[in-house]
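All remarks here apply to the structure that follows.
Coordinate-derived values only; no laboratory data. Predicted model, so just to flag it, every value in this text is computed and none were measured. Heads up, the Cβs are rebuilt from the backbone with ideal geometry, glycines too, and the neighbour counts pull from every protein chain shown.
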Amino acid sequence: MKFARRCRPGDKIQPSGYKVAIIGAGPAGLGAAGELICYGHEVHVYDMLPEPGGLLIFGIPEFRIPKNGVRRGVKELVELGVNFHLNTKVGVDIEFDEILREFDAILIATGTWKSRRLKVPGEDLQGVYHALEFIVDYHLYKYGYSSEEVRLSDRVIVIGGGLTAVDACYLAREAGADEVFIFYRRTREFAPAGVREFNKLEENGFKIYELTQPIEFIGEDGKLRYVKAIRMKLGEKDSSGRPKPVPIENSDFTIEASAVLVAAGEIATPPFIDEKYGIELTKWNTIKTDKEYKTTRKGVFAAGDVVTGPSLIGPALASGKKAALSIHKYLTTKEWKWVE
Ligand SMILES: Cc1cc2nc3c(=O)[nH]c(=O)nc-3n(C[C@H](O)[C@H](O)[C@H](O)COP(=O)(O)OP(=O)(O)OC[C@H]3O[C@@H](n4cnc5c(N)ncnc54)[C@H](O)[C@@H]3O)c2cc1C
């Protein structure tokens, strides 16, 4: 995967004298780093994980995104002079204020790393995991960054209809589950992952329960034993433009499960809480930006899923690159005007 397109290692690049910090080394952050380094800026990328790549490395399974390609792209960035500060969570290991003080411009590209809760009884039982956390922990172990092996067994139930839910099914099997069921509250035609992914799951032996919603996780001695779920029917369209799933009375059933992976959606995670730094957030906790990726604080830009909410690699990478262009324009002209 190529992150730097305007220059190659070994090219003579005139240093601009400006320093740019990028928070988040996913596709948006890496795409921006590849542009900014070629403009001659000093680029520092901060990431809380032990390896750059974000969800490209720690989220999406190997069979979809071969990791070697991502690693080659990152290696090239290092050869071009991009500085990576890994295992460094902004807001915990280094304060956002410090970055504001030290850099001429900042790009926030921290993605969506908080899992939405289902808000059903028993969600805190041992054996009920948030799918994204399971996926990241699984990859941390798989790639040798953690000694804690993530193993599943017997029957695992995945809840959700997005790409996180679909990939959680494959990884649950890889992690040792004997059977993996997926519960989705609408039908596959309305699933964010799309009909094709659901059909592929079925072809690969995963059991799909459409129009099914968990209503309780039941445990014994603090550990999950059963999932109680209810059948749904499709009602009127809701605010998402899709038919609203409505529970069917007296249709609940209980099924044994050793683990549940909840993939009910992810929430944007800016590297600070509230709007402390004069950086406005939307009601979805995403960062508000103008057309040129400028936030409401001078010198601070944002790109990728932290702006749009959960999206796809292509748009995240493209937004990082476009944000880099805006950063370069700001550094060289000092112009700061909100563009609707
Ligand atoms: C399981 C799964 C499967 C997917 N499959 C596909 C697919 O097949 N095709 C597709 O196109 N898209 C897929 N996506 C979506 C795609 O991965 C994302 O849209 C894309 O990675 C977003 O890029 P980003 O750079 O905005 O954020 P991310 O990739 O999330 O990167 C954000 C980075 O910021 C870091 N970070 C967060 N907070 C801090 C902090 N406070 N300090 C320092 N670092 C921080 C994180 O460690 C991470 O490295 C999938 C997503 C998931 C979860």
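Tabulated results
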{"read-out": "Per-residue Cβ neighbour rank within 10 angstrom, fewest leading, 119, 321", "value": "119, 321"}
{"read-out": "Cα Rg, Dmax (largest Cα-Cα span) when computed across the range 50-111, Å", "value": "13.8, 42"}
{"read-out": "Volume in Å³ per residue [convex hull over Cα atoms, computed for the range 213-292]", "value": "164 Å³"}
{"read-out": "Average Cα contact separation per residue, the range 1-68, under 8 Å, 6 or more apart, as relative contact order %", "value": "34 percent"}
{"read-out": "Relative contact order (%) - the chain, alpha-carbon pairs under 8 angstrom, separation at least six", "value": "20 percent"}
{"read-out": "Efficiency of FRET from Cβ geometry, residue 12 and residue 133, R₀ 51 Å, rounded to 0.05", "value": "0.70"}
{"read-out": "Distribution of pairwise C-alpha distances over the range 192-340, 10 Å bins, in %", "value": "9, 24, 25, 21, 15, 5, 1"}
{"read-out": "Those Cys residues of the chain for which no other cysteine Cβ falls under 4.7 Å", "value": "169"}
{"read-out": "Fully extended contour minus Cα-Cα distance, from residue 75 to residue 237, at 0.36 nm per residue", "value": "53.6 nm"}
{"read-out": "All-pairs Cα distance distribution in the chain, expressed in whole percent, bin size 20 Å", "value": "30, 52, 18, 1"}
{"read-out": "Whole-Å semi-axes of the range 116-265's equivalent ellipsoid (Cα gyration tensor)", "value": "25, 18, 13"}
{"read-out": "Counting all C-alpha pairs of the range 1-81, share separated by more than 17 Å (%)", "value": "43 percent"}
{"read-out": "Percentage relative contact order, the range 116-265, counting C-alpha pairs under 8 Å, at least six apart", "value": "31 percent"}
{"read-out": "Lysine pairs in the range 116-265 with Cα atoms under 24 Å, if 8 or more residues apart or on separate chains", "value": "12"}
